[in-house]
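**Q** Next up is a structure, given as structure tokens.
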Number of protein chains: 2
Amino acid sequence: MDVKSGRVDLSHGAGGRASAQLIDEIFRDAFSNAWLDQGNDQAAFDVPLVPGGRMVMATDAHVITPLFFPGGDIGSLAVHGTINDVAVGGAVPLHLAVSFIVEEGFPLADLKRIADSMGRASREAGVPIVTGDTKVVERGKADGVFITTTGIGVLAPGVELSGDRARPGDVVLLSGSIGDHGVAIMASRENLGFETAIVSDSAALHRLTAAMVAAGGTGLKLMRDPTRGGLAATLNEIATQSRVGIRIAEEALPIKAQVVAACELLGLDPLNVANEGKLVAVVEAGAAEAVLAAMRADPLGREAVAIGEVIEDDRSFVQMTTSFGGGRIVDWLTGEQLPRIC
Amino acid sequence: MDVKSGRVDLSHGAGGRASAQLIDEIFRDAFSNAWLDQGNDQAAFDVPLVPGGRMVMATDAHVITPLFFPGGDIGSLAVHGTINDVAVGGAVPLHLAVSFIVEEGFPLADLKRIADSMGRASREAGVPIVTGDTKVVERGKADGVFITTTGIGVLAPGVELSGDRARPGDVVLLSGSIGDHGVAIMASRENLGFETAIVSDSAALHRLTAAMVAAGGTGLKLMRDPTRGGLAATLNEIATQSRVGIRIAEEALPIKAQVVAACELLGLDPLNVANEGKLVAVVEAGAAEAVLAAMRADPLGREAVAIGEVIEDDRSFVQMTTSFGGGRIVDWLTGEQLPRIC
Ligand SMILES: Nc1ncnc2c1ncn2[C@@H]1O[C@H](COP(=O)(O)OP(=O)(O)OP(=O)(O)O)[C@@H](O)[C@H]1O
Ligand SMILES: Nc1ncnc2c1ncn2[C@@H]1O[C@H](COP(=O)(O)OP(=O)(O)OP(=O)(O)O)[C@@H](O)[C@H]1O
Ligand SMILES: [Mg+2]
Ligand SMILES: [Mg+2]
Ligand SMILES: [Mg+2]
Ligand SMILES: [Mg+2]
Ligand SMILES: [Mg+2]
Ligand SMILES: [Mg+2]
């Protein structure tokens with residue numbers, strides 16, 4: 001197999017010798033671990049014996065374009081994204097499964113670059129890729145590569161976070177600046193005619209969440225990663241699920257000056273722009289200080305801040321006190337869409 | 001949302017209100033269960049406490065065309081396919097995660113039909129879909145719908161099946177006729193100019209495998225579902241992984257007359273054609289009769305037969321004694337490819 005200049009063809013997805021060779025040379029190598037090396041139709045591993053504990057499962061397809069962007073690529077993003085959905089449930093991520101849909105003609109060298117990046121991200125996170133699948137579709141029937149990652153994790157006894165647990169008086173925390181991922185992607189789409197120094201915030205948040213779970217105890221109500229739809233969508237989801245209102249302060253929101261500038265140019269509201277390495281948490285007022293301190297002690301939560309509070313509101317509105325002292329409703333995604341941002 | 005005549009647009013994948021509505025009206029409805037209804041970024045469930053037991057995880061993308069075919073559709077196939085990869089490991093399937101990649105413009109009515117079919121297949125199997133994801137890509141950047149399903153399951157203590165456990169003297173069992181799925185798909189691709197009454201064998205095999213595990217005990221060495229690449233690929237995989245040879249008898253192979261005829265017309269070898277409701281098992285000679293009886297007692301194993309035996313062979317060849325008394329090597333997929341068969 002000529003990884004340097006070869007291309008994926010339909011035989012790589014047909015289940016014959018070429019498929020086996022592609023998997024061996026590109027994926028098994030990049031992800032190498034004892035479970036994947038079993039080479040069976042499924043990976044087997046010990047049942048995590050946590051008396052009274054629970055498990056979680058999360059899945060995400062990744063269809064981002066471009067495939068390579070400042071701060072990451074579809075491979076690292078696919079690892080981080082699914083680890084984060086497991087982690088914001090308060091769980092310790094255990095294993096990942098990956099599924100590739102590859103377009104005929106896709107360069108093997110790019111596939112290898114993506115696989116290597118996934119392997120690196122999974123090793124850095126300590127969450128092995130234990131099983132996988134590779135399908136190939138005809139030229140023009142996909143767009144390069146799509147990757148679905150599925151993760152499982154273990155919840156310690158007593159950890160029960162859920163989007164319906166926010167109550168009036170709770171404090172809303174945010175782990176850092178918003179809009180970085182979305183702006184980095186938009187900027188790297190050639191036709192936009194501008195460049196910024198902004199890189200994606202794509203990162204695995206499970207160490208940060210573990211510290212928050214430890215510090216917050218039962219005072220930690222829920223966590224969520226504000227991906228597609230941005231902070232606005234996430235706050236609206238929480239308000240709807242918990243049947244409460246949320247009021248945040250514009251002044252409190254950490255947004256990089258370059259992100260503000262890029263959003264102005266693009267006619268976007270940073271509140272609607274996707275993040276891939278940030279989280280929102282809702283905590284009881286009494287636990288806010290401890291959780292915030294734990295967040296700030298983690299490299300990925302250094303700039304964590306309290307951005308608002310949960311209030312009573314039958315309409316489940318999210319409101320923002322603006323820097324000029326006024327107020328406005330923060331709605332779900334409005335205006336321009338940002339397709340294929342993750 | 002106009003499910004009857006509406007179409008998927010990019011906003012359905014953007015993470016805003018339209019995404020939430022699509023998920024509520026099409027997916028949550030079709031898959032409804034207590035875990036999915038949590039509505040969080042991940043589904044939480046009890047740790048299956050099996051002292052000394054293990055778990056398995058398997059994933060498959062499904063890119064089949066056409067989406068609807070005799071005997072099933074991409075939705076039921078995606079449920080069966082992943083349940084089968086969990087089941088042939090000897091495990092009891094527990095939960096599924098699903099990820100959809102949908103092309104802009106795809107009819108909502110077709111999406112609902114597929115989701116309903118998945119819901120039905122998952123309920124019939126007793127394996128709930130507990131979490132999901134939905135992404136939308138621009139028109140022309142995918143082909144209708146791609147679905148990745150990931151499954152987890154539990155292995156009882158002592159069950160340790162693996163592709164490397166075949167030994168000379170072991171018997172090779174097959175659960176029923178080969179080639180049905182592949183021929184049904186090829187026949188339903190309009191441009192082939194022929195029709196057969198053959199329907200896909202797509203089915204969930206976990207009840208059959210549970211009966212085999214119970215009957216075979218430690219005499220059951222491994223099971224595998226001969227999907228892409230057909231029986232030929234599966235036998236070659238086993239021979240390679242176990243470093244043995246395999247000899248099968250052509251006479252013993254159950255193949256429907258219509259499948260033979262269709263394969264002749266298409267220039268295909270039934271041994272290379274995909275199956276979606278069959279399995280191959282390797283068992284110690286002493287356990288063969290008991291396992292075969294257990295298979296035949298299950299509706300999906302009624303036509304189970306012994307097709308050959310494991311032999312010593314450094315080259316890991318798969319050989320077939322032909323009906324005329326001759327012999328030939330059964331190689332991995334040769335000749336024409338059958339793209340997007342699952
Ligand atoms: N992208 C990948 N990364 C890592 N491992 C992979 C990848 N694709 C396939 N594999 C591994 O290769 C082996 C063969 O996979 P394959 O998909 O052919 O098996 P299967 O699911 O039983 O067959 P089918 O997909 O036809 O149903 C499995 O062990 C699988 O985990
Ligand atoms: N096709 C689907 N079937 C069933 N449930 C789905 C489906 N798509 C999404 N869901 C459910 O809808 C909720 C929202 O999913 P969503 O993908 O928006 O969350 P996320 O993964 O946290 O965000 P993102 O995908 O932007 O990273 C989750 O509870 C998810 O399980
Ligand atoms: Mg299989
Ligand atoms: Mg996600
Ligand atoms: Mg597979
Ligand atoms: Mg999330
Ligand atoms: Mg499979
Ligand atoms: Mg998702």
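The values are calculated or read from the model by the stated rules, or taken from the named source; none is laboratory data. No experiment lies behind these values; they were computed from the predicted model shown. Positions of Cβ are generated from backbone atoms using ideal geometry, with glycine treated the same way; all protein chains shown enter the neighbour counts. We work out accessible area using only protein heavy atoms, side chains counted, and drop any ligands, DNA or RNA first. Shrake-Rupley method; radii C 1.70, N 1.55, O 1.52, S 1.80 Å.
**Q** What FRET efficiency would be calculated for the residue pair B:Glu312, A:Val50, taking the C-beta separation as r and a Förster radius of 51 Å, to the nearest 0.05?
**A** Efficiency for this residue pair is about 0.70.
**Q** Estimate for me the total accessible surface buried between chains B and A (protein heavy atoms, probe 1.4 Å, no ligands or nucleic acids), in Å² to the nearest 100.
**A** Result for this pair: about 6100 Å² buried.
**Q** For chain B, give the magnitude of the charge dipole about the Cα centre (Cβ charges: +1 Lys/Arg, -1 Asp/Glu; no others), in debye to the nearest 20.
**A** 240
**Q** Pull out the extension gain between A:Ala293 and A:Arg17, defined as 0.36 nm times the separation in residues minus the alpha carbon to alpha carbon distance; nm, one decimal.
**A** 93.9 nm
**Q** What percent does the relative contact order of the stretch B:171-329 come to when contacts are Cα pairs within less than 8 Å and at least six residues apart?
**A** 42
**Q** Among B:Gly286, B:Ala211, B:Val259, whose Cα sits farthest toward the positive end of the charge dipole of the stretch B:171-329 (+1 at Cβ of Lys/Arg, -1 at Cβ of Asp/Glu, about the Cα centre)?
**A** B:Ala211
**Q** Once Rh is set to the Kirkwood radius over Cα pairs, what Stokes-Einstein translational diffusion coefficient, in µm²/s, holds for the stretch B:171-329 at a temperature of 20 °C and a viscosity of 1.002 mPa s?
**A** Stokes-Einstein gives a translational diffusion coefficient of 134 µm²/s.
**Q** Give me the orientation-averaged projected area of the Cα convex hull of the protein assembly as shown, in nm², one decimal.
**A** Orientation-averaged projected area of the Cα hull: 29.0 nm².
**Q** Could you order B:Asp41, B:Asp314 by accessible surface area, starting with the largest, using a probe radius of 1.4 Å?
**A** B:Asp314, B:Asp41
**Q** Measure out, as a whole number of angstrom, how far apart the alpha-carbon centroids of the stretch B:102-162 and the stretch A:97-122 sit.
**A** Computed from Cα coordinates, the inter-centre distance equals 22 Å.
**Q** Which distances, in nm and shortest first, link the B:Gly158 label point to the same label point in every other copy, taking 7 Å along Cα→Cβ?
**A** Here the equivalent label points are 3.8 nm apart from this one.
**Q** Can you tell me the order of A:22-28, B:45-51 when each peptide is scored by its average per-residue count of other Cβ atoms within 10 angstrom, highest first?
**A** Put in order of decreasing packing, that is A:22-28, B:45-51.
**Q** Here is a follow-up. Going from most exposed to least, what order do B:Trp35, A:Trp332 have by accessible area with a 1.4 Å probe?
**A** Result, largest first: B:Trp35, A:Trp332.
**Q** Quickly work out the A:Asp24-to-B:Gln258 label distance, labels modelled 7 Å from Cα along the C-beta direction, and quote it in nm with one decimal.
**A** About 3.9 nm separates the two model spin labels.
**Q** Inside 10 Å of the C-beta atoms of A:125-137, what's the mean count of C-beta atoms belonging to other chains?
**A** Mean partner shielding for this stretch: 4.
**Q** Where in the stretch A:68-93 does the label zone of A:Ala197 land, with the point 7 angstrom along Cα→C-beta and an amide N cut-off under 19 Å?
**A** A:70-72
**Q** Under the definition of partner shielding as Cβ atoms of other protein chains within 10 Å of a residue Cβ, what is the mean value for peptide A:226-238?
**A** 3
**Q** What list of ³J(HN,Hα) couplings, whole Hz, do you get for the stretch A:199-215 from phi and the Karplus terms 6.51, -1.76, 1.60, once you set θ to phi - 60° and write x for glycine and proline?
**A** For the stretch A:199-215, the Karplus curve yields 10, 4, 8, 2, 6, 8, 9, 5, 6, 4, 5, 4, 5, 5, 4, 5, 6 Hz.
**Q** Using the basic label-point model (7 angstrom from Cα toward the beta carbon), what is the A:Ala249 to B:Arg243 distance in nanometres?
**A** Calculated label separation equals 6.9 nm.
**Q** Inside 10 Å of the C-beta atoms of B:18-28, what's the mean count of C-beta atoms belonging to other chains?
**A** Mean partner shielding for this stretch: 1.
**Q** Right, another one. Taking the C-alpha atoms of chain A, how large are the radius of gyration and the largest Cα-Cα span, Dmax, in Å?
**A** So, for chain A, Rg and Dmax equal 20.9, 67 Å respectively.
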